[in-house]
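What follows is a set of notes on a single structure, which appears directly below.
The values are calculated or read from the model by the stated rules, or taken from the named source; none is laboratory data. On a predicted model such as this, the values are computed, not experimentally measured, just so you know. Heads up, the Cβs are rebuilt from the backbone with ideal geometry, glycines too, and the neighbour counts pull from every protein chain shown.
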Amino acid sequence: MTDRVDTVLVFEGQGARTIATEPPVDLTTLAAAEAQAAIVRHQVARAEPYRRKGAHAVVGQSLGEISALVVAGAIALDDALELVHLRAELPGELLEPREWTMASLTRVRSGPVQAAATDLPLWVVGHNGPADCIVVGERAAFATFATRLGLTDKTYRELPVTHPYHTPLMRPVAAALAAELDGIDVLDPAVPVLSPTGPRSITDAGDARNVITDALVSPVAWSAALHQGAETWPDAAWRECGPSASLYRFVWKNALTLDWAEA
């Protein structure tokens, strides 16, 4: 693995609604597994020119962690797509159906958010900035949570979600996915991999296997990962591999100065 990093390739999660190909792909018309597979294919293709030139590192957010591992050479694309299908379909088979709400909170500090979530079936699943986070919870619990914090339409936005990703409730899914991973070839990454599950560096095949399952039950420490990456690779160009190119906003929300653009 090279120590030199010219470019950091960045891969987002499953929140995109379209892929700007010709013709465009409307992800909202696809089943969850197909939409997520389409995102991974798109991201890997966008990263391909960078795989053929220069030294690079990879960072993926949520679903994007799988794209990152493919581009790092740890998992074959076909195997990754199979994992993506299982990641999308197993929760419906293994978890009790509930009405879930996911919300993006802005201009609300993490301390009050954590306090308001106490004793509720609701979890902070994404830490994107000092006053920017993602929560997942039962719909009734979220209503109580919103009242406790005095949330308004200017401080949160609800997002579509069908299962409680990045929470402890996903442990049965993580166990089932780990069993499937036993039959898949996973290699040591050929380039540096920084995971926001932690955050932590993924340096060998064991780390890669573990992070795929750990990411299902752990929050996404995106803010901390960005800061760690900025400190580790201060002169690198950061290139976001789509499809929505929405992660750039967390650079300025975290008061970072990075050479950031679309791939």
- prompt: Can you tell me which residue in the range 114-143 is surrounded by the most Cβ atoms within 10 Å (Cβ to Cβ), limited to those that are under 14 Å from MET102 (Cα atoms) and of a type in the set (Val, Ile, Thr)?
  reply: VAL135
- request: Tell me, yes or no, whether the range 22-39 has at least one residue that is more than 19 Å from the chain's Cα centre (by Cα), of a type in the set (Asp, Glu) and closer than 25 Å to ILE184 by Cα.
  value: no
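I need a count of the residues in the range 1-40 that are among the hydroxyl-bearing types (Ser, Thr, Tyr) and more than 27 Å from HIS127 (Cα to Cα).
Taking the range 1-40 as the starting set, the residues that turn out to be among the hydroxyl-bearing types (Ser, Thr, Tyr) are 2, 7, 18, 21, 28-29.
Right, trim to more than 27 Å from HIS127 (Cα to Cα) and you get 2, 21, 29.
Count: 3.
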statement: Listed by first then second residue, the pairs whose first member lies in the range 168-186 and is in contact (Cβ under 8 Å) with a residue 24 or more places away in the chain, whose partner is acidic (Asp, Glu) and outside any loop (DSSP other than H, G, I, E, B), with beta carbons under 8 Å and at least 6 positions apart or on separate chains, are ALA174/ASP214; GLU180/GLU82; ILE184/ASP79; ILE184/GLU82; ASP185/ASP79
query: Of all the residues that make up the range 236-256, how many are at pLDDT 95 or above and over 15 Å from TRP222 (Cα atoms)?
result: 4
- prompt: Can you tell which of VAL186, VAL173 is in a helix (DSSP H, G or I), assigned by TED's automatic domain parsing to the domain that holds ALA55 and surrounded by 17 or more Cβ atoms within 10 Å (Cβ to Cβ)?
  reply: VAL173
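Search the range 149-161 for residues being of a type outside the set (A, V, I, L, M) and surrounded by 15 or more Cβ atoms within 10 Å (Cβ to Cβ), and hand back the single one that is farthest from PRO97 (Cα to Cα).
Looking at residues that are of a type outside the set (A, V, I, L, M) and surrounded by 15 or more Cβ atoms within 10 Å (Cβ to Cβ), I get THR155.
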Of all residues in the range 54-86 being small (Gly, Ala, Ser) and farther than 25 Å from ASP3 by Cβ, the one that is surrounded by the fewest Cβ atoms within 10 Å (Cβ to Cβ): ALA76
query: For the range 205-218, does any single residue satisfy the condition of being surrounded by 23 or more Cβ atoms within 10 Å (Cβ to Cβ), part of a loop (DSSP other than H, G, I, E, B) and not aromatic (Phe, Trp, Tyr)?
result: no
